[in-house]
Each structure stands twice: as structure tokens, then as C-alpha cells.
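Have a look at the structure below before the remarks.
Nothing in this text is a laboratory measurement; each read-out follows from the coordinates by a stated rule. Being a predicted model, the structure only gives us computed values, none of them experimental. Note that we place each Cβ from the backbone using ideal geometry, even for glycine, and neighbour counts take in every protein chain shown.
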Amino acid sequence: MGRRSKIAKEILPEARERFYQDLQKGHLSLAETSRRMRELLDLDQAEYAKLIKISARTLIDLETKK
């Protein structure tokens, strides 16, 4: 599975706002959107895949653009 990227609690609001801005501007690919959302939720790929009801393999492929 992928590595978990920890976002420090102090910068979480800033990271979340930056994510929403980038999303609204259309600056994110589907892979980048998925990865950043997962990181904001502090989930690894297996946990996030379960949350959004897809297989971990599908999420890994999506995030690596396969």
C-alpha cells in the first residue's frame, strides 16, 4: 500500500483551503484530487478505498494513473 502522508494539525486548515481552491480552479487531476483528499482525512490507501467503497487496487491504480 502507499505511504501515509501526515499533515500537521497546525497546517491542516491551510491545506484544506488550498485543496478547495485548487479544486475549484480545476488545477487537480482525478489522481491528485483523490490523493489529497485521502491525505486530508489522514487515511492510507486501504482505509480510503474501503471508505469510498472501491478496491485498494483500483485506488492505487487511480492514484498512479494506471
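Figures for the structure shown
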read-out: Some residue of the range 19-36 being polar (S, T, N, Q) and touching a residue at least 40 places away in the same chain (Cβ under 8 Å); value: no
read-out: Members of the range 48-66 that are without any contact (Cβ under 8 Å) to a residue 40 or more places away in the chain and surrounded by 15 or more Cβ atoms within 10 Å (Cβ to Cβ); value: Y48, A49, L59, L62
